Amino acid sequence: MSVSTLSVIANCLGPFSSLSHPNFVVPALACDTHAHVIAEDTARYPFTSNRSYTPPPAPEKAYLAMLDALGIQRGVLVQPSIYGTDNRYMREVLARHTDRLRGVAVIDAQVSTAELEQMHTEGVRGVRINALFRGGVALDSMEQIAARIAPFGWHMQFLIDVTHGVELLPRIARLGCEVVIDHMGYLTPSTHISDALKALEKYVAEKGWWVKLSGAYRLVRKLEDMRQVTPIAQALIRANPHRMVWGSDWPHVAVHEMPNTTDLLSMLAEWAPDDMIRQHILVQNPEMLYGFTS
């Protein structure tokens with residue numbers, strides 16, 4: 001899905017509210033590294049007019065209930081593109097849960113140092129560059145933003161389609177910060193032996209890039225085909241299991257079929273059958289990337 005294919009603002013479905021533990025034992029201090037919170041009060045927290053979708057509310061209380069239902073103790077909130085660079089709601093939620101939550105903000109290069117310092121205190125540990133949905137900060141300013149976040153040791157997270165952006169990878173590698181790739185690089189099952197996957201594997205293995213094992217339902221046409229993503233997830237895990245993290249992508253915005261979040265977590269048992277590798281993906285890896293303390 002690209003910006004060019006999203007010429008209208010689509011209304012989103014809401015996530016399932018009835019969830020349960022997955023089909024494996026979730027380890028203590030497990031972390032969901034990719035979710036969004038969406039305020040109920042749209043007057044106080046207005047959506048940007050330059051957006052690709054309009055979601056229903058997915059507030060703090062519902063998000064924490066989702067984590068509890070899955071047996072997950074930690075979470076990472078990612079600023080959704082619908083708010084542009086207005087990170088207020090995410091930051092307010094983070095500030096109320098400094099032990100349990102971390103955040104990934106969307107900023108421009110003009111943000112003040114004082115604001116960055118305050119975000120760090122609240123739990124922000126990275127920024128997101130979004131090349132797929134309107135409302136996010138695009139690739140043009142990534143070097144300037146990387147320079148602004150360098151003093152804080154933050155990472156830069158990219159929502160890109162690696163298949164159509166292989167030429168971007170060397171440029172990203174020169175940023176001098178930790179790199180996180182969203183949703184398995186948007187690689188589809190037809191690319192499981194492609195040059196794009198091989199290129200991403202190389203950066204994961206040799207440069208220590210991080211990958212979010214998330215958004216499987218975004219990489220296929222129908223929910224019933226999600227397991228076709230398994231070879232991609234397994235290839236990335238083999239490349240460097242210590243740089244993989246898992247994310248729910250709750251509340252699953254901008255989709256035609258709503259996935260069950262429990263099913264998404266259960267798929268991790270197929271991608272990483274080994275208990276110790278799964279432990280790293282869910283606990284130690286996000287602990288390192290986001291600075292959680294045990």
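Against the criterion of being over 30 Å from Ile277 (Cβ atoms) and not in a helix (DSSP H, G or I), Asn23 does not qualify. Residues that are hydroxyl-bearing (Ser, Thr, Tyr) and either closer than 23 Å to Thr262 by Cα or under 16 Å from the mean Cα position of the chain (by Cα) (or both) within segment 54-82 comprise Tyr63, Ser81, listed in sequence order.
Residue count for segment 94-106 satisfying the condition of being buried (at least 22 other Cβ atoms within 10 Å of the Cβ) and part of a helix (DSSP H, G or I): 1. Across segment 182-236, the qualifying residues are those that are among the β-branched types (Val, Ile, Thr) and over 22 Å from Val104 (Cβ atoms), and the one among them that is surrounded by the fewest Cβ atoms within 10 Å (Cβ to Cβ) is Ile193.
The residues on offer are Glu122, Glu117, and the sole one that is farther than 25 Å from Val211 by Cα and over 16 Å from the mean Cα position of the chain (by Cα) is Glu117. The set of residues in segment 151-198 being of a type in the set (A, V, I, L, M) and more than 20 Å from the chain's Cα centre (by Cα) consists of Ile193 alone.
Per the listing Glu117, Glu60, the residue uniquely closer than 22 Å to Met142 by Cα and either among the basic types (Lys, Arg) or touching a Phe, Trp or Tyr at 6+ places or on another chain (Cβ under 9 Å) (or both) is Glu117. State yes or no: is Cys12 under 25 Å from Phe158 (Cβ atoms) and in contact with a helix residue (DSSP H, G or I) (Cβ under 6 Å, 6 or more places away or on another chain)? So Cys12 does not fit the description; no. In segment 234-273, of all residues being among the β-branched types (Val, Ile, Thr) and modelled with pLDDT under 95, the one that is farthest from Arg74 (Cα to Cα) corresponds to Val255. Taking segment 107-222 and the helices (runs of 4 or more DSSP H) fully enclosed by it, the elements with 3 or more residues that are of a type in the set (Asp, Glu) and out of contact with any Pro (no Cβ under 6 Å at 6 or more places or on another chain) are at 113-122, 195-207. Which one is surrounded by the most Cβ atoms within 10 Å (Cβ to Cβ) among residues in segment 107-130 that are in contact with a strand residue (DSSP E or B) (Cβ under 7 Å, 6 or more places away or on another chain) and more than 24 Å from Thr293 (Cα to Cα)? Result: Asn130. If I go through segment 47-79 residue by residue, how many of them are touching a residue at least 12 places away in the same chain (Cβ under 8 Å), over 18 Å from Leu13 (Cα atoms) and not in a helix (DSSP H, G or I)? Residues meeting the conditions: 11.
State all residues of segment 150-202 that are among the aromatic types (Phe, Trp, Tyr) and closer than 22 Å to Leu268 by Cα; if no residue qualifies, say none. Of everything in segment 150-202, those that are among the aromatic types (Phe, Trp, Tyr) and closer than 22 Å to Leu268 by Cα turn out to be Phe158, Tyr186. Taken over segment 80-91, residues that are of a type outside the set (Lys, Arg) and assigned to a helix (DSSP H, G or I) amount to 5.
How do the pairs read when you match residues in segment 12-35 that are over 25 Å from Leu94 (Cβ atoms) with residues anywhere that are assigned to a loop (DSSP other than H, G, I, E, B), using Cβ under 6 Å and keeping only pairs 6 or more apart or on different chains? Once the first residue is over 25 Å from Leu94 (Cβ atoms) and sits in segment 12-35, its partners that are assigned to a loop (DSSP other than H, G, I, E, B) give Leu13/Met258; His21/Gly71. Scanning segment 238-263 for residues that are surrounded by 24 or more Cβ atoms within 10 Å (Cβ to Cβ) and in a helix (DSSP H, G or I) yields Arg243, Thr261.
The values are calculated or read from the model by the stated rules, or taken from the named source; none is laboratory data. The structure presented is a predicted model; accordingly, all values stated were derived computationally and were not measured. Don't worry about glycine lacking a Cβ; one is built from the backbone with ideal geometry, like all the others, and counts go over all protein chains shown.
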